[in-house]
Every structure is written in structure tokens, then in C-alpha cells.
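Here is the structure we will look at.
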Amino acid sequence: MIIDSLTNADKYFQLNPNFKTAFDFIAQNNVANLPDGITQISESLRVIINTAQANNNTEEALQFFECHDKHIDIQVCINGPETYAWKPREKCTHPNGDYSSEKDVRFWKDSPDTFFELKNNQFTILYPEDCHASMMGKGEVKKLIFKVLI
């Protein structure tokens with residue numbers, strides 16, 4: 001997992017060729033004014049633009065404690081703050097249902113090891129080994145979720 005601000009995004013370009021494309025999308029668009037929806041940027045990269053009320057009930061939000069097998073998430077806070085839960089996948093032992101290959105998601109019943117908060121113009125990069133839950137907090141959150149195919 002990586003947590004940083006958009007001003008430092010170029011430090012991560014070498015990790016995956018799609019990372020530069022994702023951050024270029026942010027630089028080339030007024031993301032605060034983009035409507036909610038999904039945009040396919042390339043065959044191996046799409047972005048989900050989402051505006052919703054954060055969940056103030058942590059237990060409820062943790063029903064979506066998840067990880068992915070085929071994608072890396074780059075989640076960018078446009079308007080927040082937004083709280084995340086995190087735990088390394090290797091420490092998760094209680095699956096919450098079966099893996100969905102269609103949605104590339106596996107849910108877990110495990111408790112997170114830590115929580116962190118993203119504020120405006122901050123991002124996190126979540127690899128398949130990062131179990132996470134997001135959209136926790138108070139108020140409206142606008143975020144970008146880039147799905148980078150591995």
C-alpha cells in the first residue's frame with residue numbers, strides 16, 4: 001500500500017505503466033466537475049468516478065472489507081475526507097463468501113490492523129495483497145477509483 005499526495009504522483013510512474021496514464025487523466029481533467037460513472041481509459045485501465053455520503057457506521061462499512069486478484073486500485077480523494085481500513089491479505093483468515101471472478105473481489109470478516117484518512121488531493125495505491133474498506137467518515141465524498149489490470 002502507498003499513501004501520498006498528487007504532487008508526488010510522478011514518483012510512482014515507474015511501478016506500472018498505467019500509473020502515469022491514470023495520473024495524467026487527473027492532470028488533464030477538471031476532476032471535481034466530472035460526473036459520476038465509469039470511463040474506460042485503455043484496455044487495462046478504467047476509472048470509476050463516485051460521489052456518495054460516507055458511512056459513519058464503521059461496522060457496516062467493514063462489510064465491504066475487500067481485496068482484488070486481478071487489479072491494483074488507485075483511489076484518489078477529490079472531496080473528503082475519507083477514512084480507510086487496511087490489513088495485509090496474508091493476515092486475513094476469515095473469508096466472507098467466495099471470490100467473484102466477474103467483479104474481481106473477495107470480502108473478508110477479519111478486523112483491520114489500521115485506519116487512515118485521505119484528504120483532498122491525496123491518494124492510496126492498493127495492491128492485491130492489501131485488504132481494504134473505504135467510504136467511512138461523515139459527509140459527502142467524491143473520489144476516483146482507477147482499476148489497473150495486472
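Observations
- Estimated FRET transfer efficiency when R0 is 22 angstrom, pair H94-K138 (beta carbons, to 0.05): 0.20
- Helix-only arithmetic for the chain: the sum of -39500 (n - 2.57) across DSSP H runs with n ≥ 4, divided by the residue total, places the mean residue ellipticity at 222 nm at -3000 deg cm²/dmol.
- Placing +1 on the Cβ of every Lys and Arg and -1 on the Cβ of every Asp and Glu, with no other charges, gives the range 1-81 a dipole of roughly 260 debye about its Cα centre.
- Between the residues I3, F25, L62, the greatest Cα displacement towards the positive end of the dipole of the chain, with unit charges on the Cβ of Lys, Arg, Asp and Glu, is found for F25.
- Note on exposure: Y84, Y12 ranked by accessible area (1.4 Å probe, complete protein assembly) read Y12, Y84, with the most exposed listed first.
- Share of pairwise Cα separations in the range 68-150, more than 17 Å, in percent: 48
- Rounded accessible area per residue of the range 78-150, 1.4 Å, Å²: 48
- Area of W86 that stays accessible when all protein chains are in place (1.4 Å probe, Å², to 10): 50
- 12 Å beta-carbon shell around N79, net charge (K/R +1, D/E -1): +1
- Dipole axis of the chain (+1 Lys, Arg; -1 Asp, Glu on Cβ), positive-most option in F107, G137, L34: L34
- In terms of its Cα atoms, the chain spans 41, 33, 26 Å along the principal axes, sorted from long to short.
- Residue by residue, the range 114-122 carries 3J(HN,Hα) couplings of 8, 10, 9, 10, 9, 10, 3, 6, 10 Hz when phi is fed to the Karplus relation 6.51 cos²θ - 1.76 cosθ + 1.60 (θ = phi - 60°); x denotes Gly or Pro.
- Stretch in the chain that is longest and holds no trypsin sites (Lys or Arg not before Pro) that DSSP places in a loop and that have at most 13 other beta carbons within 10 Å: 1-69
- Carbon and sulfur %, accessible surface of the chain computed with the full protein complex present, 1.4 Å: 48
- Computed with a 1.4 Å probe over protein heavy atoms only, the accessible surface of the range 1-73 comes to 58 Å² per residue.
- Distance from the range 1-48 to the range 76-150 (C-alpha centre basis), Å: 16
- Degrees between helix 17-28 axis and first principal axis of the chain (Cα, 0 to 90, nearest 10): 60
- Stretched out straight at 0.36 nm per residue, the stretch from K20 to K119 would grow longer than its current Cα-Cα span by 33.5 nm.
- Between E102, E140, E66, the GNM of the chain built on Cα springs shorter than 10 angstrom shows E102 fluctuating the most.
- Taking Cα centre as origin and charging only the Cβ of basic (Lys, Arg, +1) and acidic (Asp, Glu, -1) residues, the dipole magnitude of the chain rounds to 200 debye.
The values are calculated or read from the model by the stated rules, or taken from the named source; none is laboratory data. Everything quoted here is computed from the prediction, not taken from an experiment. Every residue, glycine as well, gets a Cβ built from its backbone with ideal geometry; the counts of neighbours run over all protein chains shown. Protein only, heavy atoms only, side chains kept; ligands, DNA and RNA dropped before computing areas. Shrake-Rupley method; radii C 1.70, N 1.55, O 1.52, S 1.80 Å.
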